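Report on the following structure.
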Amino acid sequence: MSLLQFEPWIGENYNTSKEKILIIGDSHYWPYIGHKITYDKNFTKNIVSDNKSINAKFFKNLSKLFGKENFNEVRDNIAFANAVQEFLLNSNDKLTTQQLNSTAYSIQDYIKLTSPNKVIVLSFRIWQHLFNKKKNWGNYKQDITGANKKTTIWELYPSQETKCLAIGLYHPSYQHWKLDDWKPILDDFLNNY
């Protein structure tokens, strides 16, 4: 049984793409401070499809990771979701251990729903929490290194029907994020694995 609060965005060309890429971000931020939090399963879809929202730093930097000028050139070819299944109030909010642990279930559910070949987790705090130990739904494959940064590649298999490779990168809105640190690693992952 899925506990997903937010359905993933699935681009119109995703299912016919040769390389099906699921991008998993960190979390959503509640945009209506002072108002009661209410959940809408389409929240992620609404954000990704909104041309104003995709002007945010996150989407601009994500586009650059794929060698594109704007997110319009990326979104129709990918699936996108956020791992944390509750709203945070701002980007400085610390995740509890329970929230971090629960992302294992949401990531598995998103993989089962979208059947990707490759997964890119854009949250190093989630990546480091989940992918630093053996699990029953994935195995460490190898390290991957760029000029200034390194991360790991994992083979994930949340079900018998679904198997994919995954990598974790810094969140593109992180203040110390640099395209030159992460683009070579992503290019290597996408082209050689």
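Points worth noting:
- The condition of being among the β-branched types (Val, Ile, Thr), buried (at least 16 other Cβ atoms within 10 Å of the Cβ) and in contact with a Lys or Arg (Cβ under 8 Å, 6 or more places away or on another chain) holds for only one of Ile47, Ile21, that being Ile21.
- Residues of segment 42-73 classified as of a type in the set (A, V, I, L, M) and either within 14 Å of Trp9 (Cα to Cα) or at pLDDT below 95 (or both), total: 4
- Members of segment 110-134 that are at negative phi, open to solvent by 30 Å² or more (accessible area, probe 1.4 Å) and in contact (Cβ under 8 Å) with a residue 24 or more places away in the chain: Lys112, Leu113, Asn117, Phe124, Arg125, Gln128, His129
- Flag if Asp180 is among the acidic types (Asp, Glu) and within 22 Å of Phe59 (Cα to Cα): yes
- Of the residues making up segment 144-154, just one is among the charged types (D, E, K, R) and either at pLDDT 95 or above or not in a strand (DSSP E or B) (or both), namely Lys149.
- Segment 11-40 - residue that is closer than 16 Å to Ile126 by Cα and modelled with pLDDT of 90 or more and, of those, farthest from the chain's Cα centre (by Cα): Ser27
- Yes/no for Leu62 being in contact with a strand residue (DSSP E or B) (Cβ under 9 Å, 6 or more places away or on another chain), of a type in the set (A, V, I, L, M, F, W, C) and open to solvent by less than 80 Å² (accessible area, probe 1.4 Å): yes
- Filter pass, Asn101 being touching a His at 6+ places or on another chain (Cβ under 9 Å) and exposed (fewer than 14 other Cβ atoms within 10 Å of the Cβ): yes
- Candidates are the residues of segment 111-139 that are among the basic types (Lys, Arg) and in a helix (DSSP H, G or I); the one that is farthest from Asp188 (Cα to Cα) is Lys112.
- Here Glu12, Glu19, Glu7, Glu69 are screened, and the one residue that is acidic (Asp, Glu) and free of Cβ contacts under 8 Å to residues at least 24 places away in the same chain is Glu69.
- Criterion: under 14 Å from the mean Cα position of the chain (by Cα) and surrounded by 13 or more Cβ atoms within 10 Å (Cβ to Cβ) - qualifying residue of Ala56, Ala83: Ala83
- Residues satisfying the stated conditions in segment 138-156, i.e. surrounded by 16 or more Cβ atoms within 10 Å (Cβ to Cβ) and in contact with a strand residue (DSSP E or B) (Cβ under 9 Å, 6 or more places away or on another chain): Gly138, Ile144, Thr151, Thr152, Ile153, Trp154, Leu156
The values are calculated or read from the model by the stated rules, or taken from the named source; none is laboratory data. Being a predicted model, the structure only gives us computed values, none of them experimental. Neighbour counts are summed over all protein chains in view; Cβ atoms, including those assigned to glycine, are modelled from backbone coordinates with ideal geometry. Protein only, heavy atoms only, side chains kept; ligands, DNA and RNA dropped before computing areas. Shrake-Rupley method; radii C 1.70, N 1.55, O 1.52, S 1.80 Å.
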